[in-house]
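Peer 1: My structure is below; once you've seen it, I'll send some questions.
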Amino acid sequence: MSRRTATINRNTNETKIQIAISLDGGSLESLDDKNTEHAAQVSATQSINVNSGIGFLDHMLHALAKHSGWSLALKCDGDLHIDDHHTAEDCALALGSAFKEALGPIVGVQRFGHGYAPLDEALSRAVVDLSNRPCATIDLGLKREMIGQLSCEMIPHVFESFAQNAGITMHVDVLKGSNDHHRAESAFKALAIALKAATTRTGKNEVPSTKGVL
Ligand SMILES: [Mn+2]
């Protein structure tokens, strides 16, 4: 089976983003050389290097990639002198586009997936459908204004923006937890587990829909 990969360049007056993704892990030589601020974290099966300019967003996208089984290189040069909004939103939009392009037609995959992830006292649930109909309902219940340099109000916006361009239905709920860092991180990990399940190949060359098309 060939790996499902994509490379994306997204440039606006607000952000300039490069992404390389493989939904099936492996090396990503195309971007590894360009992401020199942080060293890529390379394991036997994955290469992950996220440099959005926002540390906590990097941490969340790294967790998403790790537990989805992706290899991911993301570099963003954004207008952080204004605030974190454009950078966080555009990274999520570009990542959604890259995911959709790498996945290709919704054929021969599970389509539905769900995941639960605890992080200490926090527990999150994510349910996804590779529906080709963007829809996100996100309930994180975060109380802080910021986590690191990322506004808490941007965290649901990141999920929504990813779902928009990925073309997926996504329900993410933090079920419990008192620490906002734990709540947010468990939500990204739950989404990763759900996406990994939904994109798992069935070995059949079938569209998983009664309509015959997605
Ligand atoms: Mn926005």
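The values are calculated or read from the model by the stated rules, or taken from the named source; none is laboratory data. Remember, it's a predicted structure, so these values are computed and weren't measured experimentally. Because the Cβ atoms are built from the backbone with ideal geometry, glycine has one as well, and the counts that use them run over all protein chains shown. All accessible areas refer to the heavy atoms of the entire protein, side chains included, with ligands and DNA or RNA removed. Shrake-Rupley method; radii C 1.70, N 1.55, O 1.52, S 1.80 Å.
Peer 1: Excluding residues fewer than 8 places away in the same chain, name every one of the lysines whose C-alpha is closer than 30 Å to that of K176.
Peer 2: Reachable lysines: K66, K143, K189, K196.
Peer 1: Whole number in Å², please: accessible area per residue of the chain, 1.4 Å probe, ligands, DNA and RNA not counted.
Peer 2: Result: 46 Å² per residue.
Peer 1: Here's something else I'd like to know. What is the stretch 5-198 by shape, rounded, prolate or oblate, if you read a ≥ b ≥ c off the alpha carbon gyration tensor as root eigenvalues and call it rounded for a/c under 1.5, prolate for a/b larger than b/c, and oblate otherwise?
Peer 2: Values: a/c = 1.38, a/b = 1.07, b/c = 1.29.
Verdict is rounded for the stretch 5-198.
Peer 1: Can you compute the helix-only [θ] at 222 nm over the chain? Use -39500 (n - 2.57) per DSSP H run of at least 4 residues, normalise by all residues, nearest 500 deg cm²/dmol.
Peer 2: Working: 5 runs with 69 residues, N = 214.
Taken over the chain, the calculation gives -10500 deg cm²/dmol.
Peer 1: Under unit Cβ charges (Lys, Arg +1; Asp, Glu -1), what dipole magnitude, rounded to 20 debye, does the chain have relative to its Cα centre?
Peer 2: Around 1000 debye, computed over the chain.
Peer 1: Then there's this: So if each residue of separation counts as 0.36 nm, and I subtract the Cα-Cα distance between N13 and V207, what length gain in nm does that give?
Peer 2: Values: separation 194, 0.36 × 194 = 69.84 nm, distance 3.88 nm.
Extra length available between N13 and V207 comes to 66.0 nm.
Peer 1: Under 14 Å from the Cβ of I147, count the other residues' Cβ atoms, weight Lys and Arg +1, Asp and Glu -1, and hand me the total.
Peer 2: -3
Peer 1: Another one. Hey, how many Å between the Cα centroid of the stretch 140-214 and the Cα centroid of the stretch 51-107?
Peer 2: 12 Å
Peer 1: Please report, as a whole percent, how much of the solvent-accessible surface of the stretch 5-198 comes from carbon and sulfur atoms (probe radius 1.4 Å).
Peer 2: Heavy-atom surface of the stretch 5-198 belonging to carbon and sulfur, 1.4 Å probe: 48 percent.
Peer 1: Here is a follow-up. Can you order the peptides 61-71, 44-54, 180-190 by their average number of other Cβ atoms within 10 Å per residue, highest first?
Peer 2: 180-190, 61-71, 44-54
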